[in-house]
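So the structure is just underneath, and the comments pick up after that.
The values are calculated or read from the model by the stated rules, or taken from the named source; none is laboratory data. Worth saying up front: this structure is predicted, and the values here are computed from it rather than measured. With ligands, DNA and RNA removed, areas are computed over all heavy atoms of the protein, side chains included. Shrake-Rupley method; radii C 1.70, N 1.55, O 1.52, S 1.80 Å.
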Amino acid sequence: MKPEITILTSSLIVANDFINLPVTILTKPIDYFRLLLASTIDVLVVDVEFLNDTNPCIDKFLKVNPKLIIISMVNPDLDHADKTTLINMGVNRTLNAPIVSEELFANINAIYRTQKAIDLHFEPVEPVEPVEPVEPVEPTDFIWYLSHSNWTLIAPDNQLMTLTSREFSFLCYIQENSDQVINKNCFSKKIFGEFNQHGCRKLDLILGRLRKKSLTMLNRELPIKTVHAVGYALTNKLLIRQ
């Protein structure tokens, strides 16, 4: 079933272009008022000046025929604010005048395709007040401490583990470089003065002892992981406590 299309225009150029096509041409506003009262048209194409003059009538007509498609012919220099006003009045599309039949029919087909594909109703969105960013709070359940005063490692639950000088030096270096993966070779050079495999082996032995002590004395795993072929990295925050 083809839609019933009516064009209301004062432009003889537009009227003549559509005169041999299956559309109704109206050129007088009085005809338009009669149309609104009695017609069951599907598509209304109207000059913008008629649309502005008869806005209240269009509003009433849309309540009776909410599926009516309204296309407004506008001047090319019409600004965005005026186009927005037309859309708020109920206009589906605005086309620059003078329009030609091929452009009009293509737009009508596009509107029908859209209406067939979706049926969405948009509610106005209230503006949201900007919210000041909140600094993330570090969970205390995962913070470890290294005490300089008595060479101890303090677990998140405040249990203490005493350290040897080598273990303390090991953990101090880990803490000082906690923002990165620690390279074993550089670590061994710093601790033992050995930039070789033997120094790396010593580091692994110290870490092994610390892990065993942590499980035995603190009943939890040491927050240090081994990064394959690179070195070590912290898994939880380690802070200094004087």
If Val230, Val91 are ordered by their accessible area, calculated over protein heavy atoms with a 1.4 Å probe, which sequence runs from highest to lowest? Val230, Val91
Heavy-atom accessible area of Cys172 with all protein chains present, probe 1.4 Å, nearest 10 Å²? 20 Å²
